[in-house]
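Worksheet: one structure, shown below.
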Amino acid sequence: MPYIGNRLNVIFYNGGAIYYHLNDINSFLDGWPAPNNLLKAVKEDMESTVHLAELRALGIIDKLVTGPFWRVVNKVDNILQLNTSLFKIKECFEKWCVNASELMEGKPLFDEDDVSIHKDDVYEALFIPTEDPDFDSLTRQALRTTYAWSPTHFRKASSGPATRRQVLEPLRDRENNFEHCSSYEHGIRKKLR
């Protein structure tokens, strides 16, 4: 993965990689003779269903959204050529913050004839049926929560150059108004307070 200018996608890429290597990570941690507190904390995180669902969601976003978008960015000659792609992203974010089932089914953001989807081992691991409806539900909720702030952000950004205040104010408003949040996001926010 080229890292120059690729900060947009690194968290999503790494989330998918960690999810794929989960068994390797657990084997390594189980084999450590006297783990320190950091290794114990990592082991605990690797056993948390919520954390694993979040990692899976990050990986799904990499494979279907940010990875393909990055390939689109690298293909265009002019930033204005991204308008159609950005509008498509905006429409999908608005839809996915309500229902992320399409992502769970592996439906790509862009037409596969225009942008390739890297269907590698990580992709296969992310979309293996889990047979665990609770885990799938947590993954869907993590995907929805990821997109919950996006429509407001894109509306502000599309109305012209945005100041830092214009971008952050809607996010603060949404933090204090849980009516738009899923129960998952609300529970996480309560724990963090």
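Values for this structure:
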| quantity | calculated |
| --- | --- |
| Among the residues listed as Leu126, Leu138, the single one being touching a Gly at 6+ places or on another chain (Cβ under 9 Å), at pLDDT 90 or above and surrounded by 14 or more Cβ atoms within 10 Å (Cβ to Cβ) | Leu126 |
| Total residues in segment 110-138, condition of a type outside the set (Gly, Ala, Ser), farther than 20 Å from Ile18 by Cβ and in a helix (DSSP H, G or I) | 2 |
| Qualifying positions in segment 16-69 - not acidic (Asp, Glu) and not in a helix (DSSP H, G or I) | His21, Trp32, Pro33, Ala34, Pro35, Asn36, Ser48 |
| Hey, Tyr13 modelled with pLDDT of 85 or more, part of a helix (DSSP H, G or I), open to solvent by 50 Å² or more (accessible area, probe 1.4 Å) and of a type in the set (Ser, Thr, Tyr) or not | yes |
| The lone exception for Ala148 - which of (1) modelled with pLDDT of 80 or more; (2) out of contact with any Leu (no Cβ under 9 Å at 6 or more places or on another chain) it fails | (1) |
| Residue in segment 85-99 that is out of contact with any helix residue (DSSP H, G or I) (no Cβ under 6 Å at 6 or more places or on another chain) and open to solvent by less than 20 Å² (accessible area, probe 1.4 Å) present | yes |
| Test: residue in segment 23-41 that is under 21 Å from Glu124 (Cα atoms) and in contact (Cβ under 8 Å) with a residue 40 or more places away in the chain | no |
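The values are calculated or read from the model by the stated rules, or taken from the named source; none is laboratory data. Quick caveat: nothing in here was measured; it's all calculated off a predicted structure. Here the Cβ is made from the backbone with ideal geometry for all residues, glycine too, and neighbour counts use every protein chain on show. Just the protein is used for accessible areas: all its heavy atoms, side chains included, with ligands, DNA and RNA removed. Shrake-Rupley method; radii C 1.70, N 1.55, O 1.52, S 1.80 Å.
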